[in-house]
């Protein structure tokens with residue numbers, strides 16, 4: 001018995017050594033996934049990505065994809081105007097934690113000829129826990145992001161959503177039409193704002209990390225960019241006011257203050273106003289001009305006006321352009 005234990009003690013380091021060699025060999029480079037388009041594939045997104053929908057679900061079209069409200073399963077997509085490597089830097093456990101998200105799994109692939117990352121994320125939504133399979137695909141100067149959401153405790157639906165995400169098919173030619181530079185960003189560390197959504201190049205923050213927000217004040221802060229919009233200095237105030245009136249469709253915005261600002265070396269216009277409808281809302285907008293693009297930051301809140309105005313103003317002042 002003693003000899004057996006001694007042999008085992010000698011063999012164990014050797015076995016562990018080969019185990020780690022095998023593990024490291026297997027980890028060299030991402031796996032390849034190549035899907036083929038079948039008659040079951042459906043187009044449910046604005047982008048040319050096709051998926052096989054889960055069995056037993058009755059989907060209806062939504063703004064970003066499709067949803068089965070009864071089964072609480074939804075598929076969403078967005079185009080993010082950031083290069084793949086820059087976007088991946090944002091998907092850290094620390095950043096996700098700030099947005100009340102927990103990273104459960106992350107794997108990289110070569111998917112239909114493109115670099116891609118697949119993540120499993122859990123997010124608190126009130127008393128419920130939402131599961132999310134997120135696929136991010138490298139498309140040159142931009143990325144595609146596809147999300148499959150389901151009740152986190154429902155393993156069966158989670159597997160069905162994963163199967164749908166894994167069925168994703170697209171042509172492997174990367175988009176070359178986008179010549180945009182990455183947009184800027186704001187620093188929300190130490191504020192109540194959390195990342196809520198990335199929608200077609202716009203970054204949306206809310207106080208609970210959900211869109212639409214469940215917070216009583218209805219506050220949100222959006223960072224976006226108007227590309228190839230050179231505006232001469234004398235035209236900038238009028239241009240900013242025109243865009244301000246487009247924020248709340250169908251509602252006139254009464255301007256109470258307007259001033260010139262300088263943030264990150266860019267000149268701009270800060271405007272504060274209120275909607276004139278039945279429910280008064282604070283509308284905050286700062287627009288910065290870099291000679292080629294207009295960077296827009298918008299804050300909206302329906303209550304706690306002084307606090308939210310300070311929050312929006314302070315957040316806008318942290319804006320940095322991507323360099």
Of 170, 144, how do they rank once you tally other Cβ atoms within 10 Å and put the fewest first? 170, 144
May I ask you to sort 309, 244, 266, 40 by Cβ crowding, counting other Cβ atoms within 10 Å and putting the fewest first? 40, 309, 266, 244
Cα convex hull volume per residue for the range 194-316 (Å³): 107 Å³
Calculated over the chain: convex hull of Cα atoms, volume per residue (Å³): 200 Å³
Taking springs between alpha-carbon atoms closer than 10 angstrom, which of 215, 132, 120 fluctuates most in the Gaussian network model of the chain? 215
With a point put 7 Å past each Cα toward its Cβ, work out how far residue 89 is from residue 320 in nm, to one decimal. 0.9 nm
Listed peptides 104-115, 295-306 by packing density, highest first (mean Cβ within 10 Å): 295-306, 104-115
Most mobile listed residue (65, 126, 209) in the chain, GNM with C-alpha springs under 10 Å: 126
From fewest to most C-beta neighbours within 10 Å, the residues 41, 189 line up as 189, 41
Between residue 232 and residue 125, what length in nm is gained on full extension when 0.36 nm per residue of separation is reduced by their alpha carbon distance? 34.1 nm
Return, ordered by residue number, the residues of the range 222-266 whose backbone nitrogen is under 12 Å from a label point located 7 Å along Cα→Cβ of residue 276. 251-256
Cβ-derived FRET efficiency at R0 30 Å, residue 155 paired with residue 216, nearest 0.05: 0.35
Could you work out which residue, out of 155, 279, 245, moves most in a Gaussian network model of the chain, that is, has the largest mean-square fluctuation with Cα springs under 10 Å? 279
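Computed from the coordinates by the stated procedures, all read-outs in this text should not be read as laboratory data. What you see is a predicted model, and the numbers here were worked out from it, not measured in a lab. Positions of Cβ are generated from backbone atoms using ideal geometry, with glycine treated the same way; all protein chains shown enter the neighbour counts.
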